[in-house]
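Here the structure comes first, spelled out in structure tokens, and everything after it is commentary.
The values are calculated or read from the model by the stated rules, or taken from the named source; none is laboratory data. These numbers come from a predicted model, not from an experiment. Cβ placement follows ideal geometry from the backbone for every residue including glycine, while neighbour counts extend to all protein chains displayed. Each accessible area value is taken on the protein alone, full model and side chains, heavy atoms only, with ligands, DNA and RNA left out. Shrake-Rupley method; radii C 1.70, N 1.55, O 1.52, S 1.80 Å.
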Amino acid sequence: MSASWKQLCLQILLLLVSCRHINTKTPGPTPPPLIPIDQLPTDVRSVALKGESHTEKVELLNPVNLALECTWTGNQDKLANITGLWRKDGEEVKNSNQTVPMENDQYNLKRVFSIVNEEDLGSYTCEFGSKAKIDFVLAAPQIGDVRDKPIVSYVGDFVVITCKMEETKPEPSTWYWYRANGTDKKQIIAAEEPLRYEIKNEERKTKLVVSSLVETDGGLYFCGAVYAISTSMSHVELKVISFHEPLKPFVAIVIEVIVLVAIILLYEKSQSKKNSTAAENGTTDQTNTLTQGESNGPAEISSMRQRKV
């Protein structure tokens, strides 16, 4: 092998080794630093139950160490001890099963949960045997302004889609917009398509402006109110139709009227022909009768004269 070939092979080998150290992945956003659990603020939610069940909604904005306290006055049995446990979204919480004694004519069950992200939200249930339970439903503030009917707009026009958080709810840190993409959601970034999208955020309200509509723009759009603990979602359906679409029912009615009128005219025309034919037949019969009478007239007169003679 010549020296030039050896040098070429060495350069290729060095190139391959250097390429192995090149990171071709697009860097994602840097996640916010996690707060140690022992440094999270503490909150307490308590419920006293006299019946068999109760549901308590708990609204959270930020990560927190949440103490849930359940008190049950019991039933007629008044057992000295009862089995208590905790569940998260229907699944039993590990090491939560315990014996709960009756104290001052009531049972008390308490546990602290670290709620640090969206996965920690959901339903937490304290159970007193099979006799009673209390459900704590943990969630970020929900968007109450929900539109049931779709927004209808036309091809080539623009549309403004609005989402709003109630005045009594905490103001979100920001808003995001998404569009349904099969079973997933694709975030709409207005800066990437400034001629098509515009997003206007105003405290508890957000607007998405979609311009130059085409029929494929129809579908579900999601607005997200962003809080530190989670993002609350709401959706709006958009229908994009052509300008002649509203005329279709009117055109269908006109066609039905034209067909009906044509049928009536054809029927009247056929009846007119029948009547005309019947009249012509009646005239012909009458003419034939008169002709026969005239031809028989001289013969009858001659017969009468012969009789007189």
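Please go through region 192-205 and pick out each residue that is outside any loop (DSSP other than H, G, I, E, B) and open to solvent by 90 Å² or more (accessible area, probe 1.4 Å). Working first, answer last.
Taking region 192-205 and keeping what is outside any loop (DSSP other than H, G, I, E, B), we get 192, 197-202, 205.
Within region 192-205, GLU192, GLU202 qualify.
Has region 106-124 got at least one residue that is of a type in the set (Gly, Ala, Ser) and in contact (Cβ under 8 Å) with a residue 60 or more places away in the chain?
First, pick out the residues of region 106-124 that are of a type in the set (Gly, Ala, Ser): 114, 122-123.
Still in the running and in contact (Cβ under 8 Å) with a residue 60 or more places away in the chain: 114.
Taking every residue of region 106-124 in turn, at least one turns out to be of a type in the set (Gly, Ala, Ser) and in contact (Cβ under 8 Å) with a residue 60 or more places away in the chain.
Which one is farthest from the chain's Cα centre (by Cα) among residues in region 222-240 that are part of a strand (DSSP E or B) and more than 14 Å from ARG147 (Cβ to Cβ)?
Residues of region 222-240 that are part of a strand (DSSP E or B), as a first pass: 222-226, 231-240.
With the extra rule that they be more than 14 Å from ARG147 (Cβ to Cβ), the set shrinks to 224-226, 231-232, 240.
Working: GLY224: 15, ALA225: 18, VAL226: 20, THR231: 18, SER232: 15, VAL240: 16 Å.
Checking each candidate, the answer is VAL226.
Identify, from the list SER114, SER123, SER173, SER153, the residue that is open to solvent by 80 Å² or more (accessible area, probe 1.4 Å) and small (Gly, Ala, Ser).
On the way: SER114 fails: open to solvent by 80 Å² or more (accessible area, probe 1.4 Å); SER123 fails: open to solvent by 80 Å² or more (accessible area, probe 1.4 Å); SER153 fails: open to solvent by 80 Å² or more (accessible area, probe 1.4 Å).
Checking each option against the conditions leaves just SER173.
Taking region 152-191 only, how many residues are polar (S, T, N, Q), under 18 Å from the mean Cα position of the chain (by Cα) and in a loop (DSSP other than H, G, I, E, B)? Spell out the reasoning first.
Filtering region 152-191 down to residues polar (S, T, N, Q) leaves 153, 162, 168, 173-174, 181, 183, 187.
If we keep only those that are under 18 Å from the mean Cα position of the chain (by Cα) as well, we get 153, 162, 181, 183, 187.
From the residues that got through so far, the ones that are in a loop (DSSP other than H, G, I, E, B) too are 183.
So the count comes out to 1.
Return the pairs, sorted by first residue and then second, in which the second residue is of a type in the set (A, V, I, L, M, F, W, C) and not in a strand (DSSP E or B), the first residue lies in region 71-100 and is closer than 27 Å to ALA139 by Cβ, the beta carbons are less than 6 Å apart, and the residues are 6+ apart or on different chains.
What qualifies is TRP86/VAL93.
Can you report the number of residues in region 177-196 which are among the hydroxyl-bearing types (Ser, Thr, Tyr) and within 19 Å of LYS164 (Cβ to Cβ)?
Going residue by residue through region 177-196, those that are among the hydroxyl-bearing types (Ser, Thr, Tyr) are 178, 183.
Right, trim to within 19 Å of LYS164 (Cβ to Cβ) and you get 178.
The total comes to 1.
To keep it simple, each residue is scored yes or no on (1) at pLDDT below 95; (2) not basic (Lys, Arg).
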residue: GLU167; (1), (2): yes, yes
residue: PRO170; (1), (2): yes, yes
residue: TRP175; (1), (2): no, yes
residue: THR183; (1), (2): yes, yes
residue: PRO194; (1), (2): yes, yes
residue: GLU198; (1), (2): no, yes
residue: GLU203; (1), (2): yes, yes
residue: LYS207; (1), (2): no, no
